[in-house]
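Rule-based calculations on the coordinates, nothing more; no lab input. Quick caveat: nothing in here was measured; it's all calculated off a predicted structure. Cβ coordinates were reconstructed from backbone atoms using ideal geometry, including for glycine residues, and neighbour counts include every protein chain displayed.
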Amino acid sequence: MARENILVLEPYFGGSHQSFLLGLQKYLPFSFHLLTLPARKWKWRMRFSAPYFAGMLPSTRNCDAVLCSTFVDVAALRGMGPAWLREVPIFTYFHENQFAYPVQVEHERDLHFAVTNFTSACCSDHVAFNSLYNMESFFKGCIEIEKKIPDMKLGLTEELRKKSVVLHPGVDFSQLDEMPTATGVDGRPPVIIWNHRWEYDKNPDLFFRTLFQLDDLQL
């Protein structure tokens with residue numbers, strides 16, 4: 001049986017975005033074709049990667065699905081790209097969302113980028129988030145922004161929920177698997193991994209509270 005072909009559009013190919021895609025390529029039974037840009041200038045990527053990628057795509061469809069990160073404006077991509085983009089399933093994966101991404105001070109937050117996240121999700125067929133916190137903070141932001149829209153009631157947030165799931169990023173334990181475990185001769189404790197940025201949107205407080213509880217239990 002032929003493998004399904006997945007076109008991946010990632011204008012910020014670095015860090016967790018890169019690790020996530022490399023993991024998909026390694027472990028999933030699909031054929032991936034990646035179009036990427038270096039991981040820098042994220043605001044420029046979010047504004048112009050859609051027309052850039054749209055101009056690179058062939059006029060005839062050659063994939064079974066498209067996977068985008070949130071640095072791709074999916075609404076613009078579908079509007080500016082070839083006609084088959086309006087038919088092929090598009091998946092958007094949220095590593096973060098601009099409603100909740102940490103900023104120095106709250107008044108510096110540019111809601112235009114959050115709105116791009118919102119419309120990208122609306123124009124995607126399926127949406128996945130790397131954590132429950134990420135998903136719920138996104139929906140909270142969507143509800144708040146819908147309340148601010150003058151003269152129009154959209155009611156889109158509940159529709160977004162119906163096509164959204166939490167899909168935790170994978171972790172490659174291959175190097176750890178080669179190390180002796182707590183049951184080994186050295187008796188070392190098991191390794192606990194924090195697989196996120198040290199920022200409030202990743203809820204590190206819960207991580208540390210859990211560590212303290214384990215310590216109290218002498219585990």
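Numbers for the structure displayed
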| item | result |
| --- | --- |
| Mean-position separation - Cα centroids, the stretch 14-58 and the stretch 135-178, in angstrom | 20 Å |
| Under 19 Å from LYS41, Cα to Cα: aspartates and glutamates that are on another chain or at least 8 residues apart | GLU10, ASP73, GLU96, GLU108, ASP110 |
| In the stretch 58-158, GluC sites (Glu not before Pro) in a DSSP loop with at most 16 other beta-carbon atoms within 10 Å | GLU87 |
| Listed residues GLY23, GLY15, GLY55, most fluctuating in the chain (Gaussian network, C-alpha, under 10 Å) | GLY15 |
| For the chain, share of DSSP beta bridges that run antiparallel, in % to the nearest 5 | 0 percent |
| Choice from VAL166, VAL88, VAL191 showing the highest fluctuation, given a GNM over the chain with Cα pairs closer than 10 Å | VAL191 |
| Residue order, fewest to most beta carbons within 10 Å, for THR210, THR70, THR36, THR92 | THR210, THR36, THR92, THR70 |
| Phi to ³J(HN,Hα) by Karplus 6.51 cos²θ - 1.76 cosθ + 1.60 over the stretch 79-93, Hz, x for Gly, Pro | x, 9, x, x, 4, 5, 5, 7, 10, 6, x, 10, 9, 10, 10 |
| Cα long-axis angle, helix 132-148 against the chain (0 to 90 degrees, to the nearest 10) | 40 degrees |
| Set of lysines with alpha-carbon distance to LYS148 below 21 Å, sequence-local pairs under 8 removed | LYS140 |
| Estimated 222 nm signal from helices in the chain, with DSSP H stretches of n ≥ 4 weighted -39500 (n - 2.57), rounded to 500 | -12000 deg cm²/dmol |
| Trypsin sites (Lys or Arg not before Pro) restricted to the stretch 36-72 and DSSP loop, no more than 16 other C-beta within 10 Å | ARG40, LYS41, ARG61 |
| Rounded D (µm²/s) - the stretch 5-166, Kirkwood Rh over Cα pairs, Stokes-Einstein at 25 °C, 0.890 mPa s | 151 µm²/s |
| Residue with peak Gaussian network fluctuation, the chain [Cα springs, cutoff 10 Å], from PHE207, PHE71, PHE113 | PHE207 |
| Neighbour net charge for GLY155 - beta-carbon separation under 13 angstrom, K R +1, D E -1 | +1 |
| Under-5 Å amide H pairs with PHE32, H placed in peptide plane, nonlocal only | ILE6 |
| Proximal charge balance of VAL171 [Cβ under 13 Å; K/R count +1, D/E count -1] | -1 |
